[in-house]
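A short worksheet on the structure shown next.
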Amino acid sequence: MSLNRRTNRWFPACFVSEKPAMATERYNPRAAEPRWQKAWDEAKLFETKNEDPRPKYYVLEMFPYPSGRIHMGHVRNYTMGDVVARWRRAMGYNVLHPMGWDAFGLPAENAARDNNVNPRDWTYKNIETMKGQLKTMGLSLDWAREIATCDPSYYKHQQKIFLDFWKSGLVERKSAKVNWDPVDMTVLANEQVIDGRGWRSGAPVEQRDLTQWFFKITSMSQDLLDSLDTLDKWPEKVRIMQANWIGRSEGLLVRWALANPPAGETELEVYTTRPDTIFGASFMAIAADHPLAKKVAASNPELASFIEEVRHMGTSAATLETAEKKGFDTGLRVVHPFDENWTLPVYVANFVLMDYGTGAIFGCPGHDQRDLDFANKYGLPVTPVVLPDGVDAASFHITEEAFVDDGAMINSRFLDGMRFREAFDEVATRLSGVTIGNRPQAERKVQFRLRDWLISRQRYWGCPIPVIHCEACGAVPVPAKDLPVELPTDVTFDKPGNPLDHHPTWKHVGCPQCGKPARRDTDTMDTFVDSSWYFARFTDPWNDKAPTTLEYVDGKNGWLPVRQYIGGIEHAILHLLYSRFFTRAMQVTGHLNEVKEPFEGMFTQGMVVHETYRAGTGPNAYWVQPVDVNIVDVDGKRSATLIADGSPVEIGAIEKMSKSKKNVVDPDDILASYGADTARWFMLSDSPPERDVIWTEAGVEGAHRFVQRIWRLVSETAPALTGVAAAAAGDGAGAAVSKAVHKTVKAVGEDIERLSFNKAVARLYELVNTIQPAATALVDGKGNQTDAAALREAVEALVVMIAPMMPHLAEECWSALSGEGFVANQPWPRFDPALVVDNDVVYPIQINGKKRGDLTIARDADQAQVEQAVMALDFVQKALEGKAPRKVIVVPQRIVNVVA
RNA sequence: GCGGACGUGGCGGAAUUGGUAGACGCAAGGGACUUAAAAUCCCUCGAUCCUCGAUCGUACGGGUUCGAUUCCCGUCGUCCGCACCA
């Protein structure tokens with residue numbers, strides 16, 4: 001009941017509050033939020049002590065890349081994490097909720113080159129800006145533990161970890177095929193190759209063999225796969241994605257003798273998961289990079305040029321999809337393992353990959369679509385060897401579509417009639433007993449799709465690989481006393497290639513072993529390495545001797561695993577998989593005690609999306625920012641115009657906020673005008689957290705109205721509640737309030753625990769709707785002491801419950817209620833189980849499954865009593881027309897269905 | 001192609017283990033207060049009809065059940081991930 005009628009538009013001028021005649025002023029987040037943030041800071045409220053004896057709870061959101069400014073995705077992500085952190089604190093946990101910066105990466109180098117700034121300066125300036133933005137959000141973060149991965153105090157330990165991994169056999173230096181951009185003189189990631197060209201230079205990308213550093217993640221493939229089953233607090237989707245990525249398959253290595261071998265060769269080794277179809281084989285296909293192909297190509301220029309053609313084929317998804325199956329007959333032939341008189345041709349084929357299996361396959365056109373396409377193109381025989389169930393063998397032909405399902409073996413000699421498993425085993429057993437060369441002709445083999453993790457990057461702004469290359473001693477680890485190997489600061493970006501390599505002095509160093517002149521490894525580590533252990537570092541970022549402190553990192557009194565990790569789905573595979581590998585590897589190297597899985601609970605939040613706006617027409621059309629658009633709504637029909645000149649704007653699709661579509665909303669604008677609490681509340685409302693949330697101006701205003709409504713409710717009621725002790729009411733008007741609040745306490749706690757923030761928000765709206773009339777009545781002097789006590793309890797509980805979501809407003813309300821200390825330190829309210837159940841139950845009464853009325857009856861009425869009462873109801877009698885019901889179904893506390 | 005998710009009012013979404021479909025919010029319409037606007041408060045708000053009330057309604061078509069948004073089979077559509085992995 002604000003009497004302040006003089007103010008007009010509250011934004012932007014509303015907080016310049018005019019003198020209210022009475023009652024309360026509007027809540028002013030611009031004044032209140034910084035005040036509370038400062039108070040929390042001064043009280044060091046969110047600084048966590050490792051020694052605190054309370055049970056530990058580690059909640060973490062994926063740390064940001066310091067790109068310059070935070071975006072709405074960050075606001076959503078960090079709001080969710082903060083709700084969990086604040087709620088867990090209220091539940092009595094010692095909560096670790098840290099923040100840091102994923103600070104290495106290419107954008108800093110690009111900025112350096114384009115704007116002539118130093119990558120370090122650029123990065124730290126961005127960190128400063130973004131830290132300020134995060135602070136205005138009122139997040140309960142322990143900033144004392146802040147880390148930046150680009151800081152030598154962090155990457156020093158990462159270099160130690162690298163060397164320890166190396167010592168433990170988890171690191172390997174080997175030759176690898178990489179995408180090489182000949183203009184930028186750098187290695188490109190697959191996603192940086194677009195249609196076979198470098199994303200920046202546009203130059204055709206070459207495949208080059210370079211000696212690179214790898215983490216041997218494949219040595220843990222099986223465990224990384226098996227342990228997914230233990231991650232029951234992860235989204236099913238993410239676990240499936242990881243399992244697919246690891247890609248385990250069981251098959252057989254089969255060695256085929258060459259009928260006409262070139263010098264130095266005797267056999268061709270293939271990998272197959274379908275040895276049962278071995279009698280359906282009609283050709284062999286090998287990769288263009290297969291040694292045998294190279295050998296034949298040496299004396300066959302036509303084959304050599306075919307191989308060259310395959311090598312230059314693009315690697316993009318689009319190219320692969322449309323690429324025709326192509327092959328080249330090498331002239332070589334192999335002997336069938338079960339028939340020495342049966343030989344098959346060997347082709348080089350463009351669809352066989354060198355780095356999976358052995359780079360060679362046997363083609364079985366009847367039961368593999370690719371092989372069928374290939375066979376049809378080159379006129380190779382197609383023999384069906386698996387018969388679909390219920391199909392007559394005589395009429396079964398394969399022409400355009402391969403049969404890939406299960407069936408019974410045919411045309412397969414001793415395998416005829418067998419099913420897949422039996423045939424597989426029979427072939428495996430028989431061939432294992434035959435010797436070719438000095439080895440069995442077949443071996444069972446489990447194959448993974450997962451490759452070793454290539455960590456070398458020919459870039460400047462990353463963690464230097466702490467290795468020195470000496471002509472005499474080879475690759476030598478940098479001694480521990482010389483760590484960190486720091487990045488030089490005097491670098492230039494004016495020529496293509498790796499600035500570390502160009503640096504005049506940096507790489508020249510004496511060999512730690514023999515002292516002779518040697519040179520540093522000029523590669524830096526993939527930035528995924530930085531983020532693979534930061535969660536462990538947060539547990540004791542002050543330890544300058546070692547990456548982790550065993551006492552605190554995990555185990556009995558340690559923090560890990562992270563109990564709740566929150567981040568984007570885009571990291572569902574690589575970041576999470578690498579972190580899982582690192583945790584295992586850090587345990588092997590003694591940096592962790594026992595924990596294997598770093599993240600016990602994982603949650604992937606949805607994106608923030610927004611309408612798009614387009615002004616102009618035809619070829620002159622251009623995207624417009626939301627802030628430049630005025631939207632009017634007439635009888636539900638929305639139309640838009642440019643604020644600048646009133647010209648029409650087309651309202652387009654709702655899409656992920658992106659710079660290119662300009663449908664971005666700057667968090668700074670929102671925080672400055674509405675305040676952090678409104679932004680936080682809106683982020684939690686309506687949309688389930690795993691789904692996308694649509695950012696709308698109307699929605700934000702709705703959220704803001706609620707902020708004001710809470711403030712009005714609390715501030716207007718507070719005087720009437722002064723000196724009143726909180727207590728639940730058993731009867732009278734207060735009883736309804738008490739029941740509502742206790743039910744809400746129960747429900748909101750359950751909702752937050754499940755991260756169903758949107759439902760918790762709905763419950764809080766309902767509670768406010770319920771207690772509002774009671775509050776108004778009390779203020780008007782219409783309540784008694786019991787009602788006042790019930791209302792005091794309700795309002796206090798409400799304030800504590802909104803505190804994780806709208807912490808500043810909650811503090812302001814708590815203060816208005818003369819509450820002790822910070823609401824951030826208040827325990828979560830307890831609900832009385834007796835108050836969350838009603839004495840009476842309202843049963844919906846169905847007749848033949850359709851609702852016809854209600855019955856209110858005592859909660860403890862037994863089935864017979866309920867049935868009796870139902871039968872006495874008018875509309876039931878009328879529906880039955882005097883006859884006895886066929887059946888009456890009473891579901892206790894739920895529903896009654898009368899079947900007439 | 002393979003794998004997965006989803007489909008509910010004008011919109012975002014609720015709905016316990018199969019038990020009142022549409023909670024809560026947004027938008028819209030009407031009203032009160034006001035010189036006026038803003039703010040606030042009250043009412044209406046799935047569709048149709050014969051508007052008392054009834055019928056239909058959770059993408060579509062079937063099925064199981066006393067009862068289906070929920071379970072099963074099929075169809076259509078949308079989105080996401082992987083993609084020549086032998």
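The values are calculated or read from the model by the stated rules, or taken from the named source; none is laboratory data. As the structure is a prediction and not an experimental result, all values here were calculated from the model. FYI the Cβ positions are ideal-geometry reconstructions off the backbone, even for glycines, and counts take in every protein chain you see. For the accessible areas, the whole protein counts, side chains as well, though only heavy atoms, and no ligand, DNA or RNA atoms are used. Shrake-Rupley method; radii C 1.70, N 1.55, O 1.52, S 1.80 Å.
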Alpha carbon centre of region A:753-831 versus region A:58-92: separation in Å?
-> 24 Å
Cα coordinate range in region A:492-548, projected on the principal axes (Å, largest first) | 39, 34, 16
Could you state, as a whole-number percent, how many of the C-alpha pairs of region A:209-347 are farther apart than 20 Å?
-> 64 percent
So how much slack lies between A:Q222 and A:A39, counting 0.36 nm per residue of separation and subtracting their Cα-Cα distance, in nm?
-> 60.8 nm
Stokes-Einstein diffusion coefficient of region A:848-900, Kirkwood radius over Cα pairs, 20 °C, 1.002 mPa s, in µm²/s | 189 µm²/s
Between A:K596 and A:L574, what is the FRET efficiency for a Förster distance of 22 Å, r being their Cβ-Cβ separation, to the nearest 0.05?
-> 0.70
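Using per-residue counts of other Cβ atoms within 10 Å, averaged over each peptide, order A:582-592, A:247-257, A:74-84 from highest down. Working shown, then result.
Values: A:582-592: 20.8, A:247-257: 18.5, A:74-84: 24.5.
Averaged packing, sorted descending, gives the order A:74-84, A:582-592, A:247-257.
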Convex hull over the alpha-carbon atoms of region A:597-724: what's its volume per residue in Å³?
-> 199 Å³
If you project the alpha carbons of region A:427-497 onto the principal axes, what extent comes out on each, in Å, largest first?
-> 66, 29, 22
If the viscosity is 1.567 mPa s and the temperature 4 °C, what translational diffusion coefficient in µm²/s does Stokes-Einstein give for region A:37-116 when Rh comes from Kirkwood over Cα pairs?
-> 87 µm²/s
Relative to the longest principal axis of the C-alpha atoms of chain A, give the angle of the C-alpha long axis of helix A:733-753, reported between 0 and 90° and rounded to the nearest 10°.
-> 10 degrees
Subtracting the Cα-Cα distance of A:S658 and A:K782 from 0.36 nm times their residue separation yields 39.2 nm
Can you pull the percent of Cα pairs in region A:180-272 with separation above 21 Å?
-> 66 percent
Using the Kirkwood formula on alpha carbons, the hydrodynamic radius of region A:42-194 in angstrom works out to 18.4 Å
Could you look at region A:639-794 and say what percent of its accessible area is carbon and sulfur, using a 1.4 Å probe and all protein chains?
-> 52 percent
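Hey, with R₀ at 56 Å, roughly what FRET efficiency would A:E471 and A:D232 work out to, going by the Cβ-Cβ distance, to 0.05?
With R0 = 56 Å, the Cβ-Cβ based efficiency is 0.55.
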Mind listing P(r) for chain A? All alpha-carbon pairs, 20 Å bins, whole percents.
-> 11, 32, 32, 19, 5, 0
The simple spin-label model distance between A:K445 and A:K878, using points 7 Å out along Cα→Cβ, in nm, is 8.0 nm
Rounded to whole Å, √(5λ) for the Cα gyration tensor eigenvalues of region A:136-211, largest first, gives 34, 23, 10
With a 1.4 Å probe and every protein chain kept in, tell me what percent of the accessible surface of region A:383-536 is carbon plus sulfur.
-> 49 percent
From highest to lowest solvent-accessible area (probe 1.4 Å; ligands, DNA and RNA excluded), A:C813, A:C473 read A:C473, A:C813
q = 0.33 Å⁻¹: log10 I(q)/I(0) that the Debye formula gives for region A:63-106, counting C-alpha atoms only | -1.15
Highest mean first, what order results for A:438-447, A:136-145 on Cβ atoms within 10 Å?
-> A:136-145, A:438-447
How far is the Cα center of region A:396-438 from the Cα center of region A:852-887, in Å?
-> 67 Å
So what J values fall out for region A:563-570 if you push phi through Karplus, 6.51 cos²θ - 1.76 cosθ + 1.60 with θ = phi - 60°, rounded to Hz, Gly and Pro as x?
-> 6, 9, 10, 10, x, x, 5, 5
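For A:E309, A:E611, A:E867, A:E42, write out the residues from largest to smallest accessible area, computed with a 1.4 angstrom probe and no ligands counted.
A:E42, A:E309, A:E867, A:E611
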Please calculate how many Å² of accessible area region A:343-438 carries per residue, with a 1.4 Å probe and no DNA, RNA or ligand atoms counted.
-> 48 Å²
If one takes the longest principal axis of the Cα atoms in chain A, at what angle in degrees, from 0 to 90 and to the nearest 10, does the Cα axis of helix A:301-311 lie?
-> 10 degrees
Around A:R852, which amide H atoms from residues at least 5 apart in sequence, or from another chain, sit under 5 Å from its own amide H, with H modelled in the peptide plane?
-> A:I845, A:Q846, A:I847
Which peptide among A:613-625, A:799-811 comes first, and what is the full order, when sorted by highest mean count of other Cβ atoms within 10 Å?
-> A:799-811, A:613-625
Accessible area in square angstrom per residue, region A:63-195, 1.4 angstrom probe | 34 Å²
Quote the charge dipole size of region A:216-295 about the Cα centre in Debye, to the nearest 20; the model charges only the Cβ of Lys and Arg (+1) and of Asp and Glu (-1).
-> 240 debye
Antiparallel %, DSSP beta bridges [both residues in chain A], to 5 | 80 percent
P(r) of region A:793-895 over all Cα-Cα pairs, 5 Å bins starting at 0, rounded to whole percent, reads 2, 11, 18, 12, 7, 6, 6, 8, 9, 8, 7, 3, 2, 0
Helix A:757-779: inclination vs chain A longest Cα principal axis, degrees, rounded to 10, gives 10 degrees
To the nearest 20 debye, what charge dipole does region A:791-900 have about its Cα centre, counting +1 at the Cβ of each Lys and Arg and -1 at the Cβ of each Asp and Glu?
-> 920 debye
